[in-house]
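We did not get these values from a lab; they are worked out from the coordinates using the rules stated. Everything numeric here is computed off the predicted structure, so don't read it as measured data. Because the Cβ atoms are built from the backbone with ideal geometry, glycine has one as well, and the counts that use them run over all protein chains shown.
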Amino acid sequence: MKTRKRVLAALALLAGLAVQGSSAKDFMLADVHPPGHLMIQVEERMAGRLTEVSKGAMHIQLRHSGQMGSEGEAWEKVKAGTLDMARVNLAQLAKDMPAVKLLSLPYLFRSREHMWRVLGGDFGKRIRKEAEQSGAVVLTYYDSGTRSFYSNKHSIRSLADFKGLRIRVQDSPVYKDLISQLGATPVVLPYDKVSDAFQSGEIDAAENNTPSYVSSGHYKFARYYSLDEHSSVPEVLVVSKKTWASLSEAEHKALEQAAADSSDFMRKLWADSEQQSLAKAKKEGSVVVEKNQIAMAGIEGYAVKLYSKYITDSADLETVLAILRVK
Ligand code: GTR
């Protein structure tokens, strides 16, 4: 046992030395969230862990609050190799990756656990492959809970309540079609423009998970939050293929280790973050409608009509059925 421990310690030392051997590396990581959002805390931890496992040879420079532009812009830069890393919502990749379109379909996942198992299986491999074809390496995923609608007009309790609403969505064909399908008008806007759009009247509704609803301040402009939980698209950490190719195997391992550790950390804290955000929103005046108070049959029934548009052939059908079959 002692010998095994010594061997492991020697190997760990060698891995550290191998990383140290090359010149110090700084990586720019873009995120749109502000300090205080759980995602930023998790990325700070990952940066610390990377410096630790690489024995001071690798560093992450975190550019939060959209300093590097919107998520769409960050994704384009990662693909072009002009930005090392970005943490974005996977939905941002839908235009480039057919697998993401399928994964973004409403009400696809039964639970967080279901989603994590799907990402850990064959479907996850397909996402990695499509990301590489687009110019990026998927380092890890993070929880993003479920997204629900919020409005400054009234609570959404049934399909009829969507009528006439202008709803902000991310730049993804699936989200745009979902809003039209529900009888409202989609308005594509970057995340940092949503508060202004509520104030100017450009939109009357949006959709997001509770930590983002609160940390973005949207809850101050749109008090009616209805927990319809229509979507569970996770967050993803991507590295530009150009950056990845410039690194040694030991450096890849160090990045993978720090990223995996940060994803585990987030998984433990996510549920608390959701609860705390919801409690804060309620305390400060948000009117929260629980799922069992919503006429879900109408909403879900209409939303899933999108499946017939996005399942274009028997291979897509098989993929979606395989996702649904994952226990
Ligand atoms: C947040 C998510 C971001 C982005 C944002 C949005 O919940 O973490 O990556 O997707 O929503 O709606 O633009």
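Please work out, to two decimal places, the log10 of the ratio I(q)/I(0) at q = 0.12 Å⁻¹ from a Debye calculation in which every Cα of the stretch 36-114 carries one identical scatterer.
Once normalised to I(0) and log-transformed, intensities are -0.48.
So how far, in whole Å, is the C-alpha centre of the stretch 273-327 from the one of the stretch 37-63?
33 Å
Give me P(r) over the stretch 27-185, computed from all C-alpha to C-alpha distances, binned every 5 Å, as integer percentages.
1, 8, 14, 17, 19, 18, 11, 6, 3, 1, 1, 0
Mind putting a number on the dipole of the chain about its Cα centre? Charges go on the C-beta only, +1 for Lys and Arg and -1 for Asp and Glu, and I need it in Debye to the nearest 20.
Roughly 720 debye, rounded to the nearest 20.
Of all DSSP beta bridges located in the chain, what percent are antiparallel, nearest 5?
The antiparallel fraction comes to roughly 55 percent.
Any idea which of Thr185, Ala222, Ser212 is furthest toward the positive side of the dipole for the chain, if Lys and Arg beta-carbons carry +1 and Asp and Glu beta-carbons -1?
Farthest towards the positive pole: Ser212.
Could you pull out which residues in the stretch 170-201 have an amide N less than 11 Å from a spot 7 Å beyond the Cα of Glu300, following the Cα-Cβ vector?
Nothing falls inside the zone, counting backbone N under 11 Å.
Excluding same-chain residues fewer than 8 positions from Lys283, which aspartates and glutamates have a Cα within less than 18 Å of its Cα?
Candidates past the 8-residue exclusion: Asp272, Glu274.
Filter the chain for me: DSSP H helices, axial length by Cα at least 20 angstrom, mean Kyte-Doolittle hydropathy not below -0.5. List them by residue number.
2-21, 38-53
Take the alpha carbon atoms of the stretch 200-289, find their radius of gyration, then divide it by 2.2 N^0.38 Å using N residues; give the quotient.
Against the empirical 2.2 N^0.38 Å value, I get 1.49 for the stretch 200-289.
Where Rh denotes the Kirkwood radius from the mean inverse Cα pair distance, what is Rg over Rh for the chain?
1.00
Which of the pairs Lys125/Lys309; Lys241/Lys268; Lys153/Lys220; Lys125/Lys268; Lys25/Lys55; Lys55/Lys79 have their Cα atoms more than 18 Å apart in this structure?
Violating the 18 Å limit, Cα to Cα: Lys125/Lys309; Lys241/Lys268; Lys125/Lys268; Lys55/Lys79.
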